[in-house]
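The values are calculated or read from the model by the stated rules, or taken from the named source; none is laboratory data. If you're wondering where the values come from, they're calculated on a predicted model, not measured in any experiment. Ideal geometry is used to build each Cβ from the backbone, glycine not excepted, and the neighbour counts take in all protein chains shown.
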């Protein structure tokens, strides 16, 4: 019995978090919850691609999936809400990933979650409008009905200063170049698009049409969207029309509001203790913020919080212990506190 | 310029549809009018054309945001820019802007709740309103099929605005409801233009069968009948279930209901309009404001809550004037589901009790109640429909003691439930009526005339052969070539995309 895609996905995630985190940490990850805990876990366990992959997933759906994995002997409960893969689960999963990459190659929920749905809303409307312009059809009902999206598309088209044909041709060229380079199946995206004489499919219809499980379809769809975003953001010169769709919102990943305030104070040179006092918050909260900042900013310097030598010893200890349990690291680096360990792990999570 | 010329000039139509001209003549002669014209026969033209011929703006009262939006878009689509919609979707800034420039508009759409504020009334008073059109006017009567208490103030609003010509529009209103409309709108005299609710091109069939046989029968019908068609359900889950069942059997069926996300709803509706699939399994959320001429059948898997809404729903078939079929599948006991649905639309006594306890507990003043509407509604578990009723009563919190208000709401709910139950009973009587189904409809709406219709109904005899599938269902391309598809969307000449 081969694994279905969704089974493989959940096993993959459980393998990553082992029995160190509960199934609800996965729930928050898929939902894209913006809490320091969820964000740190995503980095610590290398699950950032899946951040906000399934915002409509319910607890019940996740729970029943876990029960079915248990019933099939793929997952074993270690403690309430904590699971590990059975030998069979390990075997099946390793077999599965030889056939299909997990996660899909370009999936990067953490990097693009704030752009994904907006990009899709704008792109799908833009293609519909451009298609109707090219084919001189004046009356049609827009597939997106948010006023701000409608206003945006009008403004976007005006700014391009292109003829109808040039606009259609330009979007066609950029999109098809992107889709050819991407390893995913382009139909996953193109099926969803609406043109002058054909209405696009809903995501469920497209999944059924392509005979994919809905979970699988969703990840493939995100994979392609993230690939396009990657191309547009990294090489805007090659894809000016696509990049233009999100140029107004390409900001570095935003902090949570409270973290942002802490960050502003750090930049002014305040220590964590001072910030806690000024903001009337607990020190541990401020420390959470700093860990979140370290996750986001590649060039955030830890020196002020953990001396270089201690950083190295913590990393060494982390490599010696397979589990990412902070306690095991702490046992090896007696002079480090949990904040210091979490901070170093946050900074280096992706490398270990 | 005579009326036909005006019609041609403003709308490029060659001639009027039945009922339109008479209605418009009444209005232009300065008389009030109640017009009952079946859906899809161009009710909106009855106020739009006079709008162009009279001085001063037309005020259109419309109860549903989606309907209002459709009409506004329709007008704008024809190039009319002097259109504005005043409803609760406007942000405070948008509302202020719209109000301050109201004199620039020819067509002012307004939701009934907006007519409750003095600011709006005063602004309207300063304009010289030439005509008030009241859409879905049956909402004013508690015997109408969608009673809205906030319609009751329209009589007073009319008088405050100086008794301008008033046009009450409805698609389905019994004689009793029409009398109610005139009385509650405080019309002294009026013309009535009533077209029969009967649509001779629609054959009406009722099939009584066992609960277990329904699904199979629905499938039989779908596989034999010429589409496109609609199947109506009372429950989202059943709509999904039957759609999936039909798809499994090789039919092109999709579900449509209020539980879908916005994007899917738009897409599925548009796919259906565009002929990309054949059968839509829908709740009553489907069909409002959509105009598809070639719907060949409407099947009811569950019964509608009133004969009026049943007629509205089957009336979506055969708009092109060609023969169509309505089939109602009834299993004894189906009305239980209807009773449950009717009850769920009304506030429950326990919820109302909790509401007033909460208001007391928090020491809310009338202003606080308004401001915390969302909180109150959510804490007491009111649905949107329930809350609309409650909120309407809460407006009198300033004048009435809470205890009395609570009683009023409860009494109101009890009374409404009785009415709704009697409407469901009437629906069942229609189903069980051992005689011509069309005759029953005539009788219910107080219509006298009766004409011969071939394939009239399941009592008079009707031959399903007339509705047999003869055109192949639309087919999806077998080989999907994404690049070709993308090229045909975006390139003027789809051939040369492999550069």
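Of note:
- Residue in region A:253-270 that is within 30 Å of residue A:125 (Cα to Cα) and crowded, with 17+ Cβ neighbours inside 10 Å present: yes
- Any hit, region A:74-95, residues being within 23 Å of residue A:223 (Cα to Cα), away from chain B (no Cβ under 14 Å), surrounded by 14 or more Cβ atoms within 10 Å (Cβ to Cβ) and within 23 Å of the chain's Cα centre (by Cα): yes
- Qualifying residue in region A:184-198 (condition: more than 10 Å from chain B (Cβ to nearest Cβ) and buried (at least 21 other Cβ atoms within 10 Å of the Cβ)): yes
- Filtering region B:261-279 to residues that are touching a residue at least 24 places away in the same chain (Cβ under 8 Å) and within 13 Å of chain A (Cβ to nearest Cβ) leaves B:272, B:275, B:276, B:277.
- Long-range neighbours under 8 Å by Cβ, at least six apart or interchain, first residue in the same structural domain as residue A:171 (by TED's automatic domain parsing) and closer than 14 Å to residue A:300 by Cβ within region A:241-265, second surrounded by fewer than 16 Cβ atoms within 10 Å (Cβ to Cβ) and at pLDDT 85 or above: none
- Considering the conditions (1) surrounded by 13 or more Cβ atoms within 10 Å (Cβ to Cβ); (2) not assigned by TED's automatic domain parsing to the domain that holds residue B:211, residue B:326 is excluded by exactly one of them, (2).
- Taken over region B:311-334, the criterion of being under 22 Å from the mean Cα position of the chain (by Cα) and modelled with pLDDT under 95 is satisfied by B:311, B:312, B:313, B:314, B:315, B:316, B:317, B:318, B:319, B:320, B:321.
- Some residue of region B:282-291 being at the interface with another protein chain (Cβ under 9 Å from one of its Cβ atoms), over 18 Å from residue A:144 (Cβ atoms) and modelled with pLDDT of 90 or more: no
- Subset of region A:202-242 that is within 14 Å of chain B (Cβ to nearest Cβ) and more than 29 Å from residue A:96 (Cα to Cα) - its residue that is nearest to the chain's Cα centre (by Cα): A:242
- The condition (being surrounded by 14 or more Cβ atoms within 10 Å (Cβ to Cβ), under 27 Å from residue B:135 (Cα atoms) and not assigned by TED's automatic domain parsing to the domain that holds residue B:395) is satisfied by just one residue among B:315, B:293: B:315.
- Scanning region A:140-162 for residues that are touching a residue at least 60 places away in the same chain (Cβ under 8 Å) and either in contact with a helix residue (DSSP H, G or I) (Cβ under 7 Å, 6 or more places away or on another chain) or crowded, with 18+ Cβ neighbours inside 10 Å (or both) yields A:156, A:160.
- Checking the stated criteria, residue B:462 turns out to be outside the structural domain of residue B:351 (by TED's automatic domain parsing) and either surrounded by 15 or more Cβ atoms within 10 Å (Cβ to Cβ) or in contact with a helix residue (DSSP H, G or I) (Cβ under 9 Å, 6 or more places away or on another chain) (or both).
- Scanning region B:346-363 turns up at least one residue that is under 25 Å from the mean Cα position of the chain (by Cα) and more than 24 Å from residue B:114 (Cβ to Cβ).
- Residue list for region B:345-363, filter: on the phi < 0 side of the Ramachandran plot and out of contact with any helix residue (DSSP H, G or I) (no Cβ under 8 Å at 6 or more places or on another chain): B:350, B:357, B:361
- Residue in region A:125-139 that is more than 26 Å from residue A:234 (Cα to Cα), touching a strand residue (DSSP E or B) at 6+ places or on another chain (Cβ under 7 Å) and surrounded by 12 or more Cβ atoms within 10 Å (Cβ to Cβ) present: no
- Residue check, residue A:133 within 14 Å of chain B (Cβ to nearest Cβ), more than 23 Å from residue B:262 (Cα to Cα) and in contact with a helix residue (DSSP H, G or I) (Cβ under 9 Å, 6 or more places away or on another chain): yes
- Filter result (farther than 20 Å from residue B:293 by Cβ, within 25 Å of the chain's Cα centre (by Cα) and within 11 Å of chain A (Cβ to nearest Cβ)) within region B:244-260: B:255, B:260
- When residue B:386 is tested against (1) assigned by TED's automatic domain parsing to the domain that holds residue B:272; (2) buried (at least 20 other Cβ atoms within 10 Å of the Cβ), just one condition goes unmet, and that condition is (1).
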